[in-house]
Structures are given as structure tokens and as C-alpha cells.
Amino acid sequence: MANTNLSNARIAKNDEFYTQFYDIEKEINAYLDYDPNVFAGKTILCPCDDPYESNFFKYFVLYFSELKLKKLIATCYVGSPISNKEVSLFPEESEENKTTKNPHKIEITEIPDLNKDGVVNLYDVQLLLASDRNHLTRLEDDGDFRSEEITKLRDEADMIVTNPPFSLFREFLSWITEANTEFLIIGSINSITYKEVFPLIRENKMWLGNGFQKGNAFFSIPFAKKYADGVYNSETGLVKFRNCCWFTNLEHGRRHQPMPLMTTEKILRYNNKMKGKQSYDKYDNYNAIEVPFTELIPSDYDGIMGVPVSFLDRYCPEQFEILGKTNNKEHAKGFLIGNDPTAMIHGKKLYHRILIKHKK
């Protein structure tokens, strides 16, 4: 159900998925545990984040000094359905102007304790903006990340952190990689199979982040009530998805933890998921074995193995080499599209598989 709903949201261009503060904090802590200075001295750009409604902005504001940031920039897109709705950033403007959802940006270089209460919080940010309006300015364009205005901010930034529009994920990722910058973004795990995305995974230029708690991502969404029971929680107002993940080029410890493996003999003898098989199936049209579950990867097979896309959540670059992926579409004259074979077993087409091999 969650997969279907995310797909429907993407088709309908309903891209306002607001990430929970807890999920952001949990994810970023994984990078800080690996390198406490990963954010030190850097300019962070949040290019899809209404400053007062985005938890990305709130997180970096509250931990600005602790992270030793150089600058924080957050921009708002003109089409955001809640922009300027909950908290007006421009109190002098008329109600009519507020409804036009004018795009704006906030630039923060320091957050002093202006009210002298001993802590720095969002109230200090409000006082800062009220005392120095140069931190808060309107954008001349519509705030779209592809605009020249936001692209200049991208080129200034050391790192981009946000939850980009799901329907524009390919374009957004290409926009990031053009700048050769660090990033931490959210997307659908299905996007791994995109031709614009997978080469980055294969070449270790991008990988999966630490991940959501138990694989569950909860978002606040303006159109949440359109979702089915079991996905939309009427008590919390949140929508749950199981096919969302973090994509990044920042190092974290879990990425370098080798996966525990068993020998082929032990797996075939004791694992119920193999359903009594005496050997692994081989693809009809490609020299590789089919490994239906990540935990069934054998420790003693030297050849190529096809594993589920979910393998990437446990991928350790010191343990495995990613060779390529399969396709799930048939060519009119055979089983190949470009360089990606369509995995077939006994004439049955399989979903996308990642092709891997042990490193020695």
C-alpha cells in the first residue's frame, strides 16, 4: 500500500512530504558519530525548505553552534501549500500578499542568545530576524531549485541537506552532482534502479544513509487524509512509507560493517527460505546465481550473484563489489536492454537485481 501511495503521489506531483525532526536528528547523529567535525566550517543549503515549517531548518538552527556551521541557507518554493501559513515571516504584509506564498530565503551565520535566557532556540531566531532583516529576504524568482538564483546558492554551499520533491528526484540529484558537493537527501528506494542514479551507487559516489527507524519513514503531508487506513494515522496526522531511504555521499559507520555470512552448505541445509533446494538457481540468460534474500548471500561463492535492491541497505564496500544490475523489461528480440540483462529463471522474469561479487 505504501509503495502504491508514494507512486500515486509522485504521479500527481504531490511533493510536500515534511520530514520529522526525530528522523533528521537520528540520521545526522550517525555521521557525527563517525566524524564529529563532518559539518564544521561548512555552509549548508536546504533548497526545498520553508524556513519556519521545515524541520531541516529547525534542526540546523538549534544545533548551529554545536555543529560549528559557517552558514545556513534555507529557501522556500513559491508553490508550497503552507509557506507563510503557520508563521508569517513578513508580518507587515497584507493577508492578500500572504496567500500568494512569496518565495524567500534565510541566511544564518550566527545565532546569539538575544533574549539572554541561557539557551539558543527558535525564539532567538525570530528576534534575530526582527533586528536584522538582511538575514531574511525575498527571492526574485519562484524559488525552484533549478532557477539561476538557487543554483548560485548551490554553488556557494558545501553541503545540501533536504527532502526534495519525489517527482523531481532525478533532476534534483543531477542538479546536485553538477556542483560536486556533499549531500544528504531523501528518496524512494526504487530510484536506485534509475539510469541516472545507479551509476553513482556502482561507482561508490553515493550510497544509502543510516536509515529510518525500523525502515519506517513518517511524513507530515497536507493531503494526508487521501491515504488509506494503515498508512495515514488520524491521531498523529502522519503518513507512513516503507520504501523511503536516505541517499548521501557522507561516510557513516554502518556502511563499513561487514555483513555476517554463512557457507553455501550451511545455508542450503538449515535455512527454510531456500525451501529444500540443493543449490542456488542460475539465471537463464546470464552467468550468475539468484540470491532471493540478502541474508542468503553465501560466503564461499566466487562468481556473480544477483541480490535484491534492499541489499544496498547492508552493503559494505570493503566486502562486496557492485558489478551492475538487471532490468525487468523484455526486449522485443531477446532478454537484453543495453548492458542490463533481464533476470530470468525458468522463463520467468524477475524484478530488478543488483549484481555483486565478493572482494578478496
For this session: Consider all pairwise Cα distances in the range 23-69 and report the whole-number % of them above 16 Å.
Result: 37 percent
Exercise. Can you pick out the pairs among LYS26/LYS325; LYS214/LYS266; LYS240/LYS325; LYS68/LYS359; LYS214/LYS273 whose Cα atoms lie more than 32 Å from each other?
Worked result: LYS68/LYS359
For this session: Go ahead and run the numbers for FRET between ASP300 and ASN180, Cβ-Cβ distance against an R0 of 45 Å, rounding to 0.05.
Result: 0.70
Problem set entry | Rounded accessible area of CYS244 (nearest 10 Å², 1.4 Å probe) | 10 Å²
For this session: Could you state the accessible area per residue of the range 180-222 in Å², with a 1.4 Å probe and every protein chain left in place?
Result: 39 Å²
Seminar exercise, completed: Descending packing, highest mean Cβ count within 10 Å first, for 29-37, 171-179 is 171-179, 29-37
Problem set entry | ³J(HN,Hα), Karplus 6.51/-1.76/1.60, whole Hz, each residue of the range 259-276, x for Gly, Pro | 7, x, 10, 10, 6, 4, 4, 5, 4, 5, 7, 10, 8, 5, 5, 7, 6, x
Exercise. Residues with amide H under 5 Å of LEU238's amide H, sequence separation 5 or more or different chain, H placed in the peptide plane at 1.01 Å from N; which?
Worked result: ASN233
For this session: Per residue of the range 242-252, in order, report the coupling 6.51 cos²θ - 1.76 cosθ + 1.60 (Karplus, θ = phi - 60°) as ³J(HN,Hα) in whole Hz, putting x for Gly and Pro.
Result: 10, 10, 10, 8, 8, 10, 7, 10, 9, 6, 9
Problem set entry | In Hz, Karplus ³J(HN,Hα) per residue of the range 171-184 (6.51, -1.76, 1.60; θ = phi - 60°; x = Gly, Pro) | 5, 5, 5, 4, 4, 5, 5, 4, 8, 6, 10, 6, 7, 8
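The values are calculated or read from the model by the stated rules, or taken from the named source; none is laboratory data. Bear in mind that the values here come from a model prediction, so they are computed numbers and not experimental data. Using ideal geometry, Cβ is built from the backbone for each residue, glycine included, and neighbour counts are taken over all protein chains shown. Quick note on the areas: whole protein, heavy atoms, side chains included, nothing else; ligands and nucleic acids left out. Shrake-Rupley method; radii C 1.70, N 1.55, O 1.52, S 1.80 Å.
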